[in-house]
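**Q** Structure below; questions to follow.
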2 protein chains.
Amino acid sequence: MNLLLQYRDLENEIKQIDQILYGRLSQADEPIRSAAIQLLQAGGKRSRPLLCLISSSFGERDRTKAYDMASAIELIHMSSLIHDDMIDNAQLRRGKKTIHLQYNTLIATMVGDYLVAEALEIMALVEDKQAHQLFSNTLKQLAIGELIQYQNRYQLERSLKTYFKKNRNKTAKFIGLSCILGAIATQADKKLQKHLYLIGYYLGMSYQIVDDILDFSSNSDEMGKLIGQDLREGYLTLPTLLAMNDDQIYKKVHNLFKQSNQGNVLDFEDLIADIKNSDAISKAYQYSQWYLEKARQKINQLPDQAEKYIFLQLIGYLSKRKY
Amino acid sequence: MNLLLQYRDLENEIKQIDQILYGRLSQADEPIRSAAIQLLQAGGKRSRPLLCLISSSFGERDRTKAYDMASAIELIHMSSLIHDDMIDNAQLRRGKKTIHLQYNTLIATMVGDYLVAEALEIMALVEDKQAHQLFSNTLKQLAIGELIQYQNRYQLERSLKTYFKKNRNKTAKFIGLSCILGAIATQADKKLQKHLYLIGYYLGMSYQIVDDILDFSSNSDEMGKLIGQDLREGYLTLPTLLAMNDDQIYKKVHNLFKQSNQGNVLDFEDLIADIKNSDAISKAYQYSQWYLEKARQKINQLPDQAEKYIFLQLIGYLSKRKY
């Protein structure tokens with residue numbers, strides 16, 4: 001099987017998704033139009049719509065509705081990026097100035113609201129109760145996930161349990177949704193739908209952990225971010241949580257958080273070096289590999305068709321992801 | 001006909017809506033729960049869900065789904081109040097401190113997002129493509145209306161046309177939606193559905209104008225607002241726009257906006273007195289009465305049943321509304 005060709009096919013599909021998105025967003029009033037199109041043009045991997053489209057190929061029906069759902073998924077993703085960046089006061093997104101900084105928080109709020117409404121307008125084309133229930137429930141989980149993250153900022157008591165709950169809500173359930181919506185759009189067998197949801201869910205859990213690890217890698221620089229950005233902003237992700245088993249590191253986090261929370265600008269370099277030199281990074285990788293393995297097992301049970309191997313190829317890519 | 005009794009029946013129905021809302025919101029995580037329940041308890045007239053329920057009585061089916069839709073409508077209304085107050089930096093809502101001031105803008109953003117998701121979860125119970133399309137489209141119009149309002153802040157060029165467009169998007173279409181969703185929920189005749197939409201639309205246009213007039217009345221005080229709050233915040237509503245036909249008043253607005261926009265705190269009392277002493281208030285009332293008359297005509301064409309007279313009673317109430 002020519003997997004390279006398969007991958008090119010997927011790239012064409014992403015182009016189709018982008019066409020739908022550009023078509024819709026270019027009709028919006030200013031400054032919604034400019035803000036949304038800037039975010040679209042800045043890049044992004046379109047992993048969620050891509051997973052939606054791959055999953056849709058396991059169904060019986062033609063894939064027209066899957067394109068709609070994939071576009072709606074990306075719009076929700078865009079909206080959550082805008083509101084998240086605002087809440088985190090992030091400076092850059094996809095290498096460009098974030099919307100709330102380029103415009104202001106009020107416009108960022110409105111653009112986010114508008115993108116959700118645009119996504120719902122697409123979803124309204126889909127007559128499937130289950131799809132609507134899953135969609136709305138995931139939106140709720142996203143809001144809750146954002147809240148958990150925000151409330152645990154600068155909190156040392158934060159446990160692995162809270163970290164994983166946040167990952168489930170903010171990433172895994174949303175990627176699970178992306179997969180199952182594709183399968184629902186083409187009316188795949190119910191059991192297969194659930195199966196694809198789980199693949200997305202496990203991929204999402206793994207993906208988020210790798211994301212949190214990469215925040216400590218020097219490649220962060222290339223993404224226009226400081227190394228250890230999450231930590232500097234008061235967020236404890238898996239590498240730090242694991243490194244905090246070391247009392248010295250725990251104390252450093254404790255001291256820095258105490259002072260940061262009072263608005264002081266501090267030197268995190270020493271702590272970040274400690275975390276990178278500890279075994280926390282490799283332990284965190286083990287967690288991500290565990291989820292990736294769960295995804296691989298589920299993928300292996302899929303019907304034997306080209307897209308099964310695209311999923312496996314994706315696993316290979318994710319296990320070596322460096323940005 | 002005992003209209004008083006009819007009205008009491010409606011109050012019972014509102015209680016049922018509130019029960020649904022309390023039931024759902026009390027399950028939310030903190031601080032979403034407290035913030036949302038505070039807004040619910042602070043009062044509000046529940047006019048939108050009420051209109052949804054009145055409209056639903058013109059359909060054939062039982063009204064179970066109408067309660068769902070009415071609750072979803074109120075949740076969207078609550079969400080838009082929270083995001084609006086944040087954008088306007090309003091101090092009080094229903095006599096209590098606004099969410100973004102009591103908590104902060106980030107929590108206000110998240111609570112608003114959560115309430116939309118909660119509304120969508122209710123809407124997902126409703127299998128009706130048209131209902132979903134209208135719902136999502138109205139959300140989009142709300143976001144655009146908010147944007148128009150925000151962008152025209154401190155803009156003197158703002159015309160009556162823009163003012164009415166903002167009213168259509170932010171109020172009239174949403175109240176039209178409230179009515180038609182009730183009618184869709186009980187499968188009223190298609191023509192009747194459209195008819196009820198227009199009743200809501202005209203009532204909404206009238207309602208918003210009266211709201212803008214009341215901003216200049218001394219009763220504003222009782223609502224915990226300053227007289228002329230909109231104007232002080234840089235929003236030109238119908239009374240001011242009409243009063244600006246007088247060159248002296250135009251100049252005063254021009255000067256005050258120019259300085260306010262630079263962050264100065266200014267004395268609006270003189271200008272507000274001028275507007276109140278001009279014929280702008282009575283002219284604005286004529287506009288609201290014109291829309292109310294359009295609504296009355298449509299109501300008169302409704303089938304002869306109790307709720308027709310509740311609508312007419314509502315017209316009587318709206319034409320004398322003082323708060």
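The values are calculated or read from the model by the stated rules, or taken from the named source; none is laboratory data. Just so we're clear, the structure is a prediction, and the values are computed from it rather than from any experiment. Cβ: placed from backbone, ideal geometry, glycine included. Neighbour counts: every protein chain shown. Surface areas here come from the heavy atoms of the whole protein model, side chains and all, with no ligands, DNA or RNA. Shrake-Rupley method; radii C 1.70, N 1.55, O 1.52, S 1.80 Å.
**Q** Could you please report the charge total around A:LEU196, scoring K, R as +1 and D, E as -1 over all other residues with beta-carbon less than 12 angstrom from its beta-carbon?
**A** Combined, the nearby Lys, Arg, Asp and Glu give +3.
**Q** Nearest 100 Å² is fine: how much accessible area is buried between A and B, summed over both sides, with a 1.4 Å probe?
**A** The summed interface area works out to 3500 Å².
**Q** Let me ask something additional. What is the percent carbon and sulfur in the accessible area of region A:2-319, measuring with a 1.4 Å probe over the protein chains and ignoring ligands?
**A** C and S atoms contribute 47 percent here.
**Q** When Cβ neighbours within 10 Å are restricted to other protein chains, what is their mean count per residue of peptide A:135-146?
**A** If you average over the peptide's residues, the count of other-chain Cβ atoms is 6.
**Q** I've got another one for you. Can you tell me what percent of all Cα-Cα pairs in the protein assembly as shown are more than 43 Å apart?
**A** In whole percent, the share of Cα-Cα pairs in the protein assembly as shown beyond 43 Å is 28.
**Q** Averaged over peptide B:103-115, how many Cβ atoms belonging to another chain are found within 10 Å of each residue's Cβ?
**A** Mean partner shielding for this stretch: 6.
**Q** Placing +1 on the Cβ of each Lys and Arg and -1 on the Cβ of each Asp and Glu in region B:4-112, which of B:ALA66, B:ILE17, B:GLY43 has its Cα farthest towards the positive end of the resulting dipole?
**A** My answer, from the dipole projection, is B:GLY43.
**Q** Okay, moving on. Would you mind getting me the FRET efficiency between A:ASP189 and B:LYS129? Use the beta-carbon distance for r and R0 = 41 Å, nearest 0.05.
**A** 0.95
**Q** Still on this structure, I have one more. Taking the highest mean first, how do the peptides B:244-254, B:165-175 order by number of other beta carbon atoms within 10 angstrom per residue?
**A** B:165-175, B:244-254
**Q** Accessible area per residue, 1.4 Å probe, Å², for chain A: what's the number?
**A** 42 Å²
**Q** Please list A:235-242, B:37-44 highest first by mean number of surrounding beta-carbon atoms within 10 Å per residue.
**A** Final packing ranking: A:235-242, B:37-44.
**Q** Right, something else. Test of understanding: express the Cα radius of gyration of region B:71-227 as a ratio to 2.2 N^0.38 Å, with N the residue count.
**A** In units of the globular-protein estimate, region B:71-227 measures up at 1.10.
**Q** Could you give the DSSP H helices of chain B that reach 15 angstrom or more along their long axis (alpha carbon positions) and whose average Kyte-Doolittle hydropathy is no lower than 0.0? Please list the in-between numbers first.
**A** Values: long enough: B:3-25 (33 Å, -0.33); B:64-88 (36 Å, 0.18); B:105-123 (27 Å, 1.28); B:129-151 (33 Å, -0.35); B:173-185 (17 Å, 1.88); B:190-214 (36 Å, 0.12); B:247-260 (19 Å, -1.12); B:280-300 (30 Å, -1.04); B:306-319 (20 Å, 0.74).
Correct list, ordered by number: B:64-88, B:105-123, B:173-185, B:190-214, B:306-319.
**Q** On average, how many beta carbons from a partner chain sit within 10 Å of the beta carbon of a residue in B:30-37?
**A** Counting Cβ atoms of other protein chains within 10 Å of each residue's Cβ and averaging gives 1.
**Q** What Rg and what Dmax come out for region B:284-323 when only alpha-carbon atoms are used, in angstroms?
**A** Using the Cα atoms of region B:284-323, the pair Rg, Dmax is 10.7, 33 Å.
**Q** Now, a different point. What dipole magnitude, in Debye to the nearest 20, does the protein assembly as shown give about its Cα centre under +1 on Lys/Arg Cβ and -1 on Asp/Glu Cβ?
**A** Value, rounded to 20: 820 debye.
**Q** Shifting gears a bit: With just the Cα atoms of chain B, tell me how far they stretch along each of the three principal axes, in Å, largest first.
**A** Sorted largest first, the three principal extents are 58, 47, 34 Å.
**Q** Could you work out how much longer the chain between B:PHE164 and B:LYS258 gets when fully extended? Use 0.36 nm per residue separation minus the Cα distance between them, nm to one decimal.
**A** Stretched fully, the B:PHE164-B:LYS258 segment lengthens by 31.5 nm.
**Q** Please state the relative contact order of chain A as a whole percent: Cα pairs under 8 Å, 6+ residues apart?
**A** It comes to 20 percent, rounded to a whole number.
**Q** State to the nearest 20 debye the size of the charge dipole of region B:2-319 about its Cα centre, where the only charges are +1 on K and R beta carbons and -1 on D and E beta carbons.
**A** Here region B:2-319 has a charge dipole of around 680 debye.
**Q** May I ask you to derive the relative contact order of region A:169-323, considering only C-alpha pairs under 8 Å and at least 6 residues apart, and to give it as an integer percent?
**A** Details: 156 pairs, mean separation 41.5, N = 155.
Once normalised by length, the contact order is 27 percent.
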